[in-house]
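Below is one structure; the comments refer to it alone.
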Amino acid sequence: MIKTVDLKKTFTGRGQTVYAVDGVSVNVSSGEVVVIIGPSGSGKSTFLRCLNGLETLTDGHILVDGIDLADRKTDLNKVRREVGMVFQQFNLFPHKKVIENIVLAQMTVRKRNRPEAEAKARELLKKVGISEKEQEYPSRLSGGQQQRVAIARALAMDPKIMLFDEPTSALDPEMVGEVLDVMKNLAREGMTMVVVTHEMGFAREVADRVLFMDQGKLVEEGTPEHFFTEPREDRTKLFLKQVL
Amino acid sequence: MNSSSKNIWSWRLLTFVILFLIASSLWIATKKIDYTWRWNRIPQYFFYHAEIFENIPFDGRVLSIKTTGDVSTVVLVSEGGEKETVRVEPKNLRVSTDEDLFEGDSIGSNREWKAGPLTMGLLMTLWLSAAASFFGLIIGLVTGLCRVSKNPTLRSLSVLYIEVIRGTPLLVQIFIFYFFLGTVLDISRNVAGISALAIFAGAYVAEIIRAGIQSIPKGQSEAARSLGMSATQNMVHIVMPQALKRVLPPLAGQFISLVKDSSLVSVIAITDLTKSGREVITSTFATFEIWFTVALLYLLLTSVLSQLIAWVERRLAVSD
């Protein structure tokens, strides 16, 4: 589904070059849930943002469903509608009601008509458990509710892959659960997911594979059992000792 | 009554005392120079009762006169048998039945309310500012978008435009538009005036729009793009609606400025409010009264405008 080959992303500023992602090769197959963990500044978010072209890659290749993002002829908008993304800061559109947040892209990008788009929006709101809020503006919702709307908004495009960029990091602790539940359901339904998170519990329970990144490099990857019980690398052991 | 509200009242009293002192010192000052205030002469320059004379269009005579209520209906007949009906006010009737008349003789008159120069000037200022605001907003929107565009040519052209316009006086721009462009392109003074104002305002609106666009968090665009929306769709549906809402207060300030700056077009002989005021002064010598009146009229226009924008702002605040 997603394949990256020697992916590199560098940022240049004030004469310094930072290797945010430094030669990462990963293969995510259909229906797989991949969780990326690592210390902050390890490049995991940048890596995720490269996967739907929000960051332009410096070198290497990303193949999403067979289409190479590094190819200049690729229409990124077409790729992006197949790749949903959920952000740490929700990024709901504050000037639009909840239902309009979900309807808008369906109509402008997928060219669905309004009744069809609204029906889809209501169905998804029900799925994430906030049907009653459809006529509210995002500012009236709690963080957890906003994030669930954001998930519904991404799902409305019928994406083949969902990317989650620390979806629970900006939430109050008591709201983390409701968002994780929605994500667990999605995983159970067979959605292909790449999740950057600090929720080790989620990684353990849901992930098919865990990737550990540090300083832009993929340090270790493996199944959760292997990863949390017998990590190979010293860097991984140190990290796990600090977070668990 | 508690102490804090007592306090507020004493401050209000002080405000009034200060205002009263300013007003009375102005009054005393004008007394000293023996200025006779003639406020009673001002209203006629807003509206006046004009007398309109009705004339006979041919040589002939009066066939009949019928007076019913406020209207006298006069039927005229020419030597060739041509008939003409004229209505005038009974008290201004100047002919009687069977009277012989020559072409152009007065039959009587009607009185009618007409707008005076100050009203016409006010309407002209209103029309100039409305047209210039409209075009200025469009120019500003386009330039503002070019200013944040990825295309280097669009960006530098818009920067050049903004810098040139902001760096030169509006009065000079108006002269250039009227004398240079007006001559070269053969445009009328009104078009020259409106264009000069619109292009002047456009440069400021462009900077306001740019600031608005740049104040929208990057996450909004990222969310829109991640849903597969194109750059244009993102601009139209996500960024611009939020940016416009944010820049409404500075835009209001800009348009209020524009109303006031429109007084400068009087130098190219457009009869706006300021020029009408000057014209009325030449016939009345009521210099003080007219300028105060003109100032009040500008104040009226700008405060209506700011109320209007405040109302729009409240309407848009529902999603906050």
Rounded to whole angstroms and listed largest first, the alpha-carbon spread of chain A along its three principal axes comes to 53, 44, 37
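Classify region B:227-320: rounded, prolate or oblate, from the alpha-carbon gyration tensor (a ≥ b ≥ c, eigenvalue square roots; a/c under 1.5 rounded; otherwise prolate if a/b is larger than b/c)?
Values: a/c = 6.18, a/b = 2.64, b/c = 2.35.
Judged from the Cα gyration tensor, region B:227-320 comes out prolate (a/c at least 1.5, a/b above b/c).
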In whole angstrom, the spacing between the Cα centers of region B:53-75 and region A:6-69 equals 94
In Å, the C-alpha Rg and Dmax of the protein assembly as shown are 37.0, 126
Restricted to the protein assembly as shown, the DSSP antiparallel beta bridge percent, nearest 5, is 75
Length-normalised contact order of chain B, Cα under 8 Å, at least 6 apart, in percent, tallies to 17
Listing A:R209, A:R122, B:R315, B:R111 by rising number of other beta-carbon atoms within 10 angstrom, fewest first, gives B:R315, B:R111, A:R122, A:R209
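Please report the net charge: other residues with Cβ closer than 13 Å to the Cβ of A:V196, K and R +1, D and E -1.
Values: positive: A:K44, A:R49; negative: A:D165, A:E166, A:E199.
That works out to -1.
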Shielding of A:87-96 by other chains, given as the mean Cβ count within 10 Å, works out to 6
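Classify region B:122-278 as rounded, prolate or oblate, taking a ≥ b ≥ c as the square roots of the eigenvalues of its Cα gyration tensor: rounded when a/c is under 1.5, otherwise prolate if a/b is larger than b/c and oblate if not.
On the way: a/c = 2.94, a/b = 2.03, b/c = 1.45.
Prolate.
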Scaled by the rule-of-thumb 2.2 N^0.38 Å, the alpha carbon Rg for region A:1-123 gives a ratio of 1.23
Ranked by GNM mean-square fluctuation in chain B (Cα springs under 10 Å), the top entry among B:L308, B:L128, B:L258 is B:L308
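FYI, it's all coordinate maths here, none of it is from the lab. Keep in mind it's a predicted model, so treat the numbers as computed, not measured. Cβ: placed from backbone, ideal geometry, glycine included. Neighbour counts: every protein chain shown.
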